[in-house]
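Have a look at the structure below before the remarks.
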Amino acid sequence: MSSPRSLLIRFAFQWSLLFTGLILSLWAATQSRQAPQFILLIVLQVISQNFSVPAGQLRANLLPLVGITGVLVLGWPGFFIMTLIGWLVAELTLPLWKPLWQRANYAGAPFSTRFIQGLVHLVALSAAAMLYQRTPGPLPLSPDTFTIAAAALGWLVLSYSLLVLILTFLWHTLRFRSLSNFWRGGEITILIYLVLSQPFALIGGLIFADLGLLAFTVFCVGIAILAQMNWLSWQQRTILQQQVNQFALMNQVGDSLRETLDPQTVLERTSQQIQQLLTVDVFTIALVDDSGQWYEPLRHAPYSLDGFTQWVATRGRILDLDQETMPYAHQHALTTPTPLPAYWLGFPLKTAERIIGVMSLQRFAGDQPFSRWNREVLLALAAQVSTAIENARRHSETLRLYTLTDEALARRLEQLQALLDSTHEGVLMLDTRGRVVLINPLAAQLMEQTPDVLRDEPLFLDQDAAALGFTPLQLRQLLQELLTGAAHSARRTRFTRLLQGRTTHLERSEGPVLTTNGQVMGWLMVFRDVTEEQERLEWRTELTRMIVHDLRNPVTTLLSTMHLLGEQLFPGSTSLEAGELVETARLSCVNLLDMVDSLMDINRMEAGQLIVDADAVSLSALVERVLIHLRPLALRRQIELHFTASPDIPLVWVDEDLLRRVWLNLLDNALKFTPAHGTITIHLQPEPPLSERDEPGVRGIVQDTGPGIPPEYQERVFDRFVQINRGGAQIRGTGLGLTFCKLAVEAHRGRIWVENAAAGGSCFVFTLPGIPRLP
């Protein structure tokens, strides 16, 4: 490795040699009266040679113009010396223009190509000058010889052009041993420059011969400016095209890296893209894992950090070293890679949180250094690679965690499946796409399949709906709700299936399966065999119907007998005690008959056999008649009855006898649980029409000052035989009154519910539709 001191000595020698060459050139030129034009042409040749436009293997420049002009102004010997000195000065000053060329990412033609091109022009122009003098043509041109040289100038231009073309063709053939690429390597551009520059060369010689040195100086300055503008124009076009290509390459690399999330594929594609982008002797991607260990994933091996890589990883900055700056690595105690490269370029691979690795490129002696354009492209590529590697890492980690979670979940599912298989109820769970994710043998038996066949398969509307107790429409609606995440709350449904040749009654309990944040993740159905329970219920219902039916006849006979007995035993009697006893017995028989009728009506309404004999009824008058019957009981219990009704209460379309018994049951229930000195309030108010076919209806409200009903029992109070001990009150009755009220109100297309009153106690509310409108 060269030291900084040896580099300084080399730079000093180069500049000293350049300065000495310039002094010698000026000294040689000043020995002649042609010194001014000699110096002008040397400067013009240096500019033309160093600012020539690349064209294939050669360069398109203004050397033909400078050469012809030099021959006409200096003559053949002077032109020859001027060409040699100009070529030498141009080569010595070449390092001065190197940064400008690197800006366009063009390292320049090698020395052999530059030498051959200069030799071709020198030989061709020397031969053309000799032919020109034999025509005869005077050299150099002067005002006295201008008129006799006009004809010979054409031969000078023609012979020079043909010789340049022939020699270039021979050189290309000897070098590439093929003619297929001759007209593709920029030779057409060289020919255009050669032909178009000749008129300007003749003009330059004629200007010097006719107008003198001052006009010739202006001409040379103009040609120099033209060469500079031509080169700047080429540079701008080249940089713009390179930027376009850079963007296209970045898009191509980005698309390629986004196509995969496999870390190894990402790194392999990165290596391929780098090799396509530029020539690299060694390309390395070193990554650091979570434990701080460095490794080279492309080679699947650990990576030993050298000083350059360590510097980039520590500082998170680009490091660009070439033959001139490489010696300074020793001063910073940086261990160098082995073998030592001539050029080393490293980029940090980092995310927003940390450094994840280093991407480095190496070139050895003889290669071109990395240009500024290379650094810009590689910097953008490093950012894309960093993102792609981090995404691939996260994807791999996600897959690893998913695999671990999936394995744990599989074990849990096995345990859950074993538990489900041992239960005596059928269990079926669907995911949001309607696929079976959990099923035990009992549920599979309903669908006449095995669990393995049904698991992970979707439900079919026509085939599975009836087996699970749905209609196809209901099952379609459920699957749609699951897909949109809008499944309903839990519910129960009973249905009947023919299984193994016998009728089976099943109860389906179902509801959504929710995540911790309330999102629907599935639907769970539990199937329970309730055949025995249903049979007991039907047997009890039938027994009740039979007992009630048989009980009604003796109760009716007893009531009639009590009535006749009272009339025969006490005709016109003034004994209130005996009459009251008979009346009490008669009322008890009436109440017993009402209970029997209520139980029979309940059975008929549940079976859909009750016929409602509806008519237009004044609810206010009906309530008044019921209160007349109940006021004596209220007085004995010291309970106040308050009845209010809005003045615009409409008639209702009801069965008067059923509604009378509804009011009796509601008020009897209120009297039962209202303590002494309490109050029962009855209120009637209009209710909006139930539909366009009905007149306005009525809302009835019965509110007491008792202990109230807990919220969890407010739905159950309407079930048959349910009695709730509110506030420790003594319970009496059969628990059929509210059941009858609910069924009777619903038979009239109304609703009934209970709620706690604001001041305490219970508030029973029911609505009834108005008189139907005539069509």
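The values are calculated or read from the model by the stated rules, or taken from the named source; none is laboratory data. Because the structure is predicted, anything quoted here is derived from the model rather than measured. All Cβ positions, even for glycine, are placed from backbone atoms using ideal geometry, and neighbour counts span all protein chains on display. All accessible areas refer to the heavy atoms of the entire protein, side chains included, with ligands and DNA or RNA removed. Shrake-Rupley method; radii C 1.70, N 1.55, O 1.52, S 1.80 Å.
Key figures
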{"quantity": "Exposure rank, largest accessible area first [Ser691, Ser112, Ser304; 1.4 Å]", "calculated": "Ser304, Ser112, Ser691"}
{"quantity": "Approximate spin-label separation Arg536-Phe495, in nm, with each point projected 7 Å along Cα-to-Cβ", "calculated": "2.5 nm"}
{"quantity": "Accessible area in square angstrom per residue, the stretch 324-467, 1.4 angstrom probe", "calculated": "54 Å²"}
{"quantity": "Exposure of Thr705 as accessible area (Å², to 10), given a probe of 1.4 Å and all protein chains", "calculated": "70 Å²"}
{"quantity": "Gyration tensor verdict on the stretch 458-505 (Cα atoms; rounded if a/c is under 1.5, prolate if a/b is larger than b/c, oblate otherwise)", "calculated": "oblate"}
{"quantity": "Calculated FRET value between Leu226 and Phe364, using beta carbons and R₀ = 30 Å, to 0.05", "calculated": "0.15"}
{"quantity": "Per-peptide average of other Cβ atoms within 10 Å, ordering 441-447, 661-667, 395-401, 161-167 highest first", "calculated": "661-667, 441-447, 161-167, 395-401"}
{"quantity": "Rounded, prolate or oblate (a/c below 1.5 giving rounded, otherwise prolate when a/b exceeds b/c) for the stretch 277-410 by Cα gyration tensor", "calculated": "prolate"}
{"quantity": "J(HN,Hα) series, the stretch 283-297, from Karplus relation 6.51 cos²θ - 1.76 cosθ + 1.60, nearest Hz, glycine and proline x", "calculated": "10, 9, 10, 10, 10, 10, 8, 5, 8, x, 8, 8, 8, 10, x"}
{"quantity": "Simple label model, 7 Å out from Cα along Cβ direction - Ser618 to Ala418, nm", "calculated": "7.7 nm"}
{"quantity": "Residues whose placed amide H lies under 5 Å from that of Thr504, excluding near-sequence neighbours", "calculated": "Arg497, Leu498, Leu499"}
{"quantity": "Accessible area in the full protein assembly, largest first, 1.4 Å probe, for Lys672, Lys350, Lys742", "calculated": "Lys350, Lys742, Lys672"}
